[in-house]
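Notes follow the structure.
The values are calculated or read from the model by the stated rules, or taken from the named source; none is laboratory data. Here the structure is a predicted model, which means the values were calculated and not measured. As a convention, Cβ positions derive from the backbone with ideal geometry for all residues, glycine included, and neighbour counts pool all protein chains shown. All accessible areas refer to the heavy atoms of the entire protein, side chains included, with ligands and DNA or RNA removed. Shrake-Rupley method; radii C 1.70, N 1.55, O 1.52, S 1.80 Å.
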Amino acid sequence: MDGLLSKLRSLDAYPKVNEDFYSRTLSGGIITLASSVVMLLLFVSELRLYLHAVTETTLRVDTSRGELLRINFDVTFPALQCSIISLDAMDISGQEHLDVKHDIFKQRIDAHGKVIATRQDAVGGMKMEPPLQHHGGRLEHNETYCGSCYGAQESDDQCCNTCEDVREAYRKKGWGVSNPDLLDQCKREGFLQSIKDEEGEGCNIYGFIEVNKVAGNFHFAPGKSFQQSNVHVHDLLPFQKDSFNVSHKINRLSFGENFPGVVNPLDGANWVQHSSYGMYQYFIKVVPTVYTDINEHIILSNQFSVTEHFRSSESGRIQALPGVFFFYDLSPIKVTFTEQCVSFLHFLTNVCAIVGGVFTVSGIIDSFVYHSQRAIKKKMEIGKFN
């Protein structure tokens, strides 16, 4: 038994030195204190990394098909009335969303940016019961009202009971409304008067639209849009204005849901128009993104980068439709963020490396300082004897 214990004793890699042979120095105490502080700071840093999840980023080809792209926006136009702004969206597949109103809200704002009124989107004045029938006669007692579409009806029994109905029928025909006061519905509803009443006001328009996940554009522009000779145009004649100021501030613009760490580069962007006409364009590259949190909850979203360009009028002629246009394209690469926890063994390994590393380095520094002091002291003693 004694022989076995003796053999185990001979394997001791940490031989002990009698304390009588220890030589404690001031420099050693300072180095010990400094190394302890460094060791503590590194341990706290490693502990924070262990307690918080780390995010791993991977890139892969986006193979998804047939998905929809949700576009969230909140844009303020300080010099355009809510009654004249419309939102259109179209993509390269040929699908169009003209004069979008679903899930769109408008807030009338004054010159100081304060909200005057909020309503769900509806271009035009208040709906009323005009007296003229589609056949030209007056509305009689107990007779069902059916307003005239002024030649824009798609069928004989189609009715246009409001100014908005007439304008919509004209849009589908590709016609423009040159003078709303010539339309009985618009005249009785006070369409032009409602626009004049909002003169000097601005508009905050917010909401979301869902489009096909292909390249396309959406834009805010004055007037009702329609197709004329396969060209997308806006009917600006009813507003009887010589210029449109499309100065704007983008309070929020995102593609999809928000996720931790997302940065939307256009949030808070502000632009002021100095010319009478112009088209402000944003060219956006959308990057599909998947974020998986620590609880394996998956968020399908997007990030994007953007460049800007302004097209102004030349020589007093309108070269571009006044408005704010967002042209977007999708990247074929998908970014995946995955939250992961650091394992306890990894944490323990790093802590051991910190303790051992700092202890070893401080020992080397202490040995160097100690032997340097001894060498200097010995030379000084030799100098005295000489």
Problem set entry | Meets criteria (under 30 Å from SER305 (Cα atoms), of a type in the set (Phe, Trp, Tyr) and modelled with pLDDT of 90 or more) for PHE259 | yes
Problem set entry | Scan of region 285-297 for residues that are open to solvent by 70 Å² or more (accessible area, probe 1.4 Å) and touching a residue at least 40 places away in the same chain (Cβ under 8 Å), ordered by number | LYS285, ILE294
Exercise. Taking LYS114, is it under 41 Å from the mean Cα position of the chain (by Cα) and modelled with pLDDT under 80?
Worked result: no
Exercise. Out of curiosity, is GLU308 out of contact with any Ser or Thr (no Cβ under 7 Å at 6 or more places or on another chain), part of a loop (DSSP other than H, G, I, E, B) and either among the charged types (D, E, K, R) or modelled with pLDDT under 85 (or both)?
Worked result: no
For this session: Find the residue count for region 328-359, including only residues that are among the aliphatic types (A, V, I, L, M) and part of a helix (DSSP H, G or I).
Result: 7
Problem set entry | When residues of region 273-284 are limited to those that are modelled with pLDDT of 85 or more and open to solvent by less than 80 Å² (accessible area, probe 1.4 Å), the one nearest to PRO260 (Cα to Cα) | ILE284
Problem set entry | So LEU87, is it open to solvent by less than 60 Å² (accessible area, probe 1.4 Å), outside any strand (DSSP E or B) and either closer than 30 Å to ASN251 by Cα or modelled with pLDDT of 90 or more (or both) | no
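Yes/no per residue for (1) under 16 Å from ARG108 (Cα atoms); (2) open to solvent by 30 Å² or more (accessible area, probe 1.4 Å); (3) modelled with pLDDT under 70:
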position: GLU199; (1), (2), (3): yes, yes, no
position: GLU210; (1), (2), (3): no, yes, no
position: LYS224; (1), (2), (3): no, no, no
position: GLN227; (1), (2), (3): no, yes, yes
position: VAL231; (1), (2), (3): no, yes, yes
Seminar exercise, completed: Of the residues in region 158-175, those that are part of a helix (DSSP H, G or I) and either open to solvent by 10 Å² or more (accessible area, probe 1.4 Å) or β-branched (Val, Ile, Thr) (or both) come to GLU164, ASP165, VAL166, ARG167, GLU168, TYR170, ARG171, LYS172, LYS173
Problem set entry | Residues (surrounded by 11 or more Cβ atoms within 10 Å (Cβ to Cβ), modelled with pLDDT of 90 or more and not aliphatic (A, V, I, L, M)) located in region 324-349 | PHE325, PHE326, PHE327, TYR328, ASP329, SER331, LYS334, THR336, PHE337, THR338, THR349
Exercise. Is it the case that region 41-58 has a residue that's in contact with a Lys or Arg (Cβ under 7 Å, 6 or more places away or on another chain) and not in a strand (DSSP E or B)?
Worked result: no
Seminar exercise, completed: Residue pairs within 6 Å by beta carbon, gap of at least six or interchain, first lying in region 60-78 and more than 22 Å from ILE104 (Cβ to Cβ), second assigned to a strand (DSSP E or B), listed first then second, are ARG60/LYS334; ASP62/PRO288; ASP62/LYS334
Exercise. GLN95 passes all but one of (1) open to solvent by 60 Å² or more (accessible area, probe 1.4 Å); (2) touching a Leu at 6+ places or on another chain (Cβ under 7 Å); which number fails?
Worked result: (2)
Exercise. Considering only residues of region 57-84 that are open to solvent by 70 Å² or more (accessible area, probe 1.4 Å) and at pLDDT below 90, which is farthest from THR338 (Cα to Cα)?
Worked result: GLY66
